[in-house]
Amino acid sequence: MVFWEGYVSDEAMGTVAPVVVYWLYAGFYQLLPPLDKYRLHTRKEEEEKNAVPFVSVVRGVLFQQLVQATVAKLLFLDKDQRILSAVGNEYIGLKLTSTADASGTTIQPSVPVQLAQFIVAMLVMDAWQYFVHRFMHQNKFLYRHVHSQHHRLVVPYAIGALYNHPLEGLLLDTFGGAISFLVSGMTARTAVVFFCFAVIKTVDDHCGLWLPGNIFHIFFWNNSAYHDIHHQLQGTKYNYSQPFFANWDKLLGTHMPYDLLKRPEGGFEVRLKKD
């Protein structure tokens, strides 16, 4: 039982909810007071180093979300195109990653199964994004003409988390989400939670703040400071992993540890630390 049951379908929520959650969570960060003592970069650095205006960032994110919503709609398209197969005297509706009973209600797996699917989806998304992301750095053409758009935000901030070239947004984020959904075998209802969680984690990794008590800093080594290294000029060949774990970086020699130092004028500095 979920709060939207009876009002909108799981498929509709899986399409719309990640977009709404993105703007709510990123907007929360945007509306916070200055919080200079928790910033990873000064406001002066943000103004001087970032090479794209805020309005352009918002437009870019909205366009990527339009593409993502379109792909999500296609993933869930089979809701009204079920293939019915006879099993004894019952009919079971077959869907991409789930089944429905004779009344059309999707059969939800047990909680342990859903948790296992969630973890599988996290691992699949991490693997996909690591290798696509790294390739976009190593291929000079793709970096110059595609991925460099994201790195125009040298000082990341929450609303810019999904500011990418449209091709990158499609290959890295949209396809990564679709593949995670399909490989894990999760239902549309589980996907609502997974996609919203992935969005929140991605926004938090780009928030540019080191806030006390942030649960993502407590439970994930891959966090806002870790990803900040990657956005720095001397760190662009390291810390490709996103959005959850740092495993691939550690396995394949692209992991760059860091020191988190307090600046005398307030805030923090993330400084590369060689192994």
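The values are calculated or read from the model by the stated rules, or taken from the named source; none is laboratory data. None of the values given here were measured: they were computed from a predicted structure. Neighbour counts run over all protein chains shown; Cβ positions are idealised from the backbone, glycine included. Just the protein is used for accessible areas: all its heavy atoms, side chains included, with ligands, DNA and RNA removed. Shrake-Rupley method; radii C 1.70, N 1.55, O 1.52, S 1.80 Å.
Brief remarks on what is shown
- Equivalent ellipsoid, the chain (semi-axes from 5 times Cα gyration tensor eigenvalues, Å): 37, 19, 18
- Distance between modelled label sites at Phe3 and Val67, nm, 7 Å Cα→Cβ extension: 3.1 nm
- Taking packing as the residue-averaged number of other Cβ atoms within 10 angstrom, the listed peptides 57-63, 136-142 run from highest to lowest as 57-63, 136-142.
- Unsatisfied cross-links (Cα-Cα over 20 Å) in the set Lys44/Lys140; Lys37/Lys262; Lys201/Lys237: Lys44/Lys140; Lys201/Lys237
- Positive dipole terminus of the chain, leading residue within Val20, Val61, Leu209 (C-beta point charges): Leu209
- Distance between the C-alpha centres of the range 156-209 and the range 249-270: 24 Å, rounded to the whole angstrom.
- Note on the range 186-259: with charges restricted to the Cβ of Lys and Arg (+1) and Asp and Glu (-1), its dipole about the Cα centre is near 240 debye.
- The helix-only estimate of mean residue ellipticity at 222 nm for the chain, built from DSSP H runs of length n ≥ 4 each weighted as -39500 (n - 2.57), is -15000 deg cm²/dmol after division by the residue total.
- Accessible area in square angstrom per residue, the range 132-201, 1.4 angstrom probe: 35 Å²
- Euclidean distance of C-alpha centroids, the range 126-154 and the range 213-247, integer Å: 15 Å
- Cα long-axis angle, helix 188-205 against the chain (0 to 90 degrees, to the nearest 10): 0 degrees
- Protein accessible area in the range 10-272, 1.4 Å probe - carbon and sulfur %: 66 percent
- Length available on full extension from Leu167 to Arg263: 0.36 nm per residue minus the Cα-Cα distance, which gives 30.8 nm.
- Leading residue at positive end of dipole, the chain (Cβ point charges), from Val155, Ser9, Leu182: Val155
- log10 of Debye I(q)/I(0), alpha-carbon scatterers only, for the range 109-212 at 0.12, 0.14, 0.22 Å⁻¹: -0.45, -0.60, -1.16
- Once the chain from Leu182 to Leu32 is taken as fully extended at 0.36 nm per residue, the excess over their C-alpha distance is 50.3 nm.
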